[in-house]
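Student: Supplied in structure tokens, the structure appears directly below.
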Amino acid sequence: MKVFAFLVSLTLFLGGFALFGYAFTFGPEWHTITFVGGIAAISLSLIIPFHLLERLD
């Protein structure tokens, strides 16, 4: 179970960086939404191991 949570966290973390990188290549109305989505993805990737996994043990 921890390996699956690690893979989900890693995917969210790297996907968040990808959203940061592509945020300003989209149209002007999507800049903020994409950048905030990257922040949310990285935040969620850190919430999983720090808060949720300690409750599953």
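The values are calculated or read from the model by the stated rules, or taken from the named source; none is laboratory data. None of these values were measured; they are calculated from a predicted model. Note: ideal-geometry Cβ built from the backbone for every residue, glycine included; neighbour counts use all protein chains shown.
Student: Collect the residues in region 3-42 that are part of a helix (DSSP H, G or I) and among the polar types (S, T, N, Q), keeping them in residue-number order. Walk me through it before giving the result.
Tutor: Start the filter on region 3-42 by keeping residues that are part of a helix (DSSP H, G or I), which leaves 3-22, 28-42.
Those that are part of a helix (DSSP H, G or I) and among the polar types (S, T, N, Q): Ser9, Thr11, Thr32, Thr34.
Each row is one residue, and each column tells you yes or no for (1) at pLDDT below 90; (2) exposed (fewer than 12 other Cβ atoms within 10 Å of the Cβ).
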{"position": "Ala5", "(1), (2)": "yes, no"}
{"position": "Leu12", "(1), (2)": "no, no"}
{"position": "Phe20", "(1), (2)": "no, no"}
{"position": "Gly27", "(1), (2)": "yes, yes"}
{"position": "Thr32", "(1), (2)": "no, yes"}
{"position": "Gly37", "(1), (2)": "no, no"}
{"position": "Ala40", "(1), (2)": "no, no"}
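Student: OK, next. Any residue in region 19-31 that's on the phi > 0 side of the Ramachandran plot: show its pairings with residues that are surrounded by 11 or more Cβ atoms within 10 Å (Cβ to Cβ) and not acidic (Asp, Glu) at Cβ separation under 9 Å, as long as the two are six or more apart or on different chains.
Tutor: Matching pairs, first to second residue: none at all.
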